Structure formats: structure tokens, C-alpha cells
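The values are calculated or read from the model by the stated rules, or taken from the named source; none is laboratory data. Being a predicted model, the structure only gives us computed values, none of them experimental. Please note: Cβ atoms are built from the backbone with ideal geometry, for glycine as well, and neighbour counts cover all protein chains shown.
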């Protein structure tokens, strides 16, 4: 494949970007993920899936799994997992002055102030039916004139207990006005900002890249595999999980139900190079625009990583190694959390401003992940016996070769010699 035709080196096609926007914009707060899974992804899966593929649905959550070989437990099973649930705010109580006091979940309180949101309220008189309220903003202090001097200078911050939703309620019986809308404690609130192209080439920004991007990547891999004629000896399960943001509970259920031999979590990662104020932490230099990331450490399988890295090098797909400690922090942990014997790892793409309304990413990193995993699945499908490959080829550090000093020349440095 010539460089000019490699999708991960080109701008993302507009139609594909619109699909990504639609997936990321679906209102799918933790526990109510059906807008993304059933509203967007299920119809998309059904638009290209061969007739013999099967879409698994579940009783306890709105996750879905597109299965290339339903019932074929004799085949080598690979599960690729993105999670549809978004961090959200929730109504905590309603004040006499019409303020709607809210919980901030996994947001920093200071990143919320002034932003527009959507409040999704279940109809008290018709349970199971939801209404959406738009036009409100998240507030904490009102105006700088009313804030403590230490907050003005930045010496003190905003406490999560100070955060409220302002619906501009005024007049008589302010609390009653809110209650008449049917707003109740527990109602979900989401930031209101769909993604849009960024200023710099191949960038985009908006809310909830975490983790509609992982779902988009999973869906596009499924499409590419379907268009290539499917797989022969590998059963692939394209999973869209729930509950990741509260402890990876949804993906462990999917792993427990379907028992994959390989599990790959797909989730956003951090652009540590651009992250402010962390230079003294000596983080690995992951950077937006430099390719997809692959987790090394924790439960990440060295055999699986070897295959992904080899495949990426073969196709000249840019990849960055992400160092993780005791936990990948993603659905890559689902297998061990479900007590399933599977080789696992986590794949991602560096983004900026995670868990804010202005998360930013690079389309070429996303495309790199899509094609690296697609080619990895095809490489697995080409193995003579994937089961034995993973059973018999665990790394042996006791067989490591001795390595001597290699000098100071840079390997990629062009050497010039004196002709005389």
C-alpha cells in the first residue's frame, strides 16, 4: 500500500467523520446507554453485517455484541470492547430559589462552570418515558463580585457541593416551577457540545470522546472485517459495553458471558506532552498525532502486544507504547475481573482535556487504531492454530540473550565518510 493511500495518513472522509460525530453525540449517561447502542450502533451494525452474524442483547444493561460466528465456541474467540457510557451529572436536590443542585460525578467542578447542558428527566406520571430540558447552564459562584477574594486570585478552588444547574427560574414559587417540570433527584445531566473539526489539521474537539471513540473504532473494525469477507477460524465479538466509568462492570459481564480467548479494550488515552503542570512526573511522551497507543504492563499480554506491534510495523502504522501499572484503567481488565482466562491488552489514542467539554483528538490516531486492529485480527485468522500459539509461546526471560554496550551512534543517523 502506497503512503498516499494509507487511510491513517489522510484526512478522515467527511461521511466517516459524521458517523463518529453521531456516535459521540448520542446521549448515553451511565446506566442509560441505549441511545448510543440501540439508537446508533445497532442500526449501523445491521447495515453491513452478513446474515449469519448475530447481535447479542442483554437484560441487565444496554450493551450489545456483534458476533461473527455465533455459537462456535470451538473457534478462537476475540473480543474488542468500547464502552458507551458517558460520565454525567445528576440532580441532587432542588432549592427554594429554583437552583438545581447537582452531583458532578467524574468531572472537576471548575471545568463545568458556564457550560450548556441537557437534563434528561423521566416523566413521573409515565415511567420509562423521558423528556429533555435544554437552555440551562452549570454554575457555582454567580459572578466574580460575589466570590471570596481567595477564589478570585486562584488560591482556593470550587467545591463540588457548590455546583448547580441554573434554568433561569424567576418569579413566584421558584422551587415549584422546577418540580412542575417533573425534575427529580437522580435525573441525568450531560454536557451539550457535539464534536467539530479543530483549527489544526486532522483534529477535532467537543464533549465525550471518552469513550464514543472506542465504540466508533470497534464499529469501523467490524465494518472492515465484514467488507473483507469475514474471518474463517477466528470468532470476533465486537462489543459495546456499559458501566465502564463506574468500575468496568459492563465489560466484565460481557467477558463472563462469552468467554473470549483474547480481549482488547479500546479507549481514550492522555496526551502527556501537552498536559500542563505534570513535567515533574516524568510521564511517557504520548502525543496526539503520533499514532495509536498500546498498553504495556499490568495484565497486558506480551504475546498479544507482540502481534499488534509486529502488525503495525509491517503496515507502517504509527504506534506509541503506553506504560501502565497495576491496572490498565480500561475495559482491557474485563477478562481478569470476570475470572476468564484470556490474553488481553488495551489500545487507545492520546486526547487532551479528558473529562471536559473540550476534549480534543486527532483523526489519524483514530484511523491508525482502526487499521492496526483490523490487520491484527486478520493476522490471527491466518495462524495455523491460534489456541496453541497463545498456550505455548509465553515469553521466557530466563532465555534472554546477553546484551553488550552498543556505542553512541544514532541508528537512524546518516554516516558520512572521508573519501581519503
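Tabulated values for the structure
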| quantity | calculated |
| --- | --- |
| Any chance residue 360 is at pLDDT 95 or above and either in contact with a helix residue (DSSP H, G or I) (Cβ under 6 Å, 6 or more places away or on another chain) or in a helix (DSSP H, G or I) (or both) | no |
| Any hit, the stretch 275-283, residues being within 30 Å of residue 62 (Cα to Cα) and either assigned by TED's automatic domain parsing to the domain that holds residue 351 or without any contact (Cβ under 8 Å) to a residue 60 or more places away in the chain (or both) | no |
| 3 or more residues buried (at least 18 other Cβ atoms within 10 Å of the Cβ): qualifying strands (runs of 3 or more DSSP E) within the stretch 19-85 | 64-67, 76-83 |
| Flag if residue 66 is out of contact with any strand residue (DSSP E or B) (no Cβ under 9 Å at 6 or more places or on another chain) and touching a residue at least 40 places away in the same chain (Cβ under 8 Å) | no |
| Residue in the stretch 379-395 that is closer than 30 Å to residue 195 by Cα and touching a helix residue (DSSP H, G or I) at 6+ places or on another chain (Cβ under 7 Å) present | no |
| The listed residue being farther than 30 Å from residue 347 by Cα, in contact with a strand residue (DSSP E or B) (Cβ under 6 Å, 6 or more places away or on another chain) and either assigned by TED's automatic domain parsing to the domain that holds residue 171 or in contact (Cβ under 8 Å) with a residue 60 or more places away in the chain (or both), out of 78, 132 | 132 |
| Conditions (1) more than 20 Å from the chain's Cα centre (by Cα); (2) farther than 15 Å from residue 78 by Cα; (3) buried (at least 20 other Cβ atoms within 10 Å of the Cβ); number of the one not met by residue 282 | (3) |
| Residue in the stretch 328-349 that is more than 21 Å from residue 239 (Cα to Cα), assigned to a loop (DSSP other than H, G, I, E, B) and either out of contact with any strand residue (DSSP E or B) (no Cβ under 8 Å at 6 or more places or on another chain) or outside the structural domain of residue 113 (by TED's automatic domain parsing) (or both) present | no |
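This table checks each residue for (1) surrounded by 20 or more Cβ atoms within 10 Å (Cβ to Cβ); (2) in contact (Cβ under 8 Å) with a residue 60 or more places away in the chain; (3) in contact with a strand residue (DSSP E or B) (Cβ under 6 Å, 6 or more places away or on another chain); (4) part of a strand (DSSP E or B).
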site: 158; (1), (2), (3), (4): no, no, no, no
site: 170; (1), (2), (3), (4): no, yes, no, no
site: 175; (1), (2), (3), (4): no, yes, yes, no
site: 194; (1), (2), (3), (4): no, yes, yes, no
site: 199; (1), (2), (3), (4): no, no, no, no
site: 205; (1), (2), (3), (4): yes, yes, yes, yes
site: 225; (1), (2), (3), (4): yes, yes, no, no
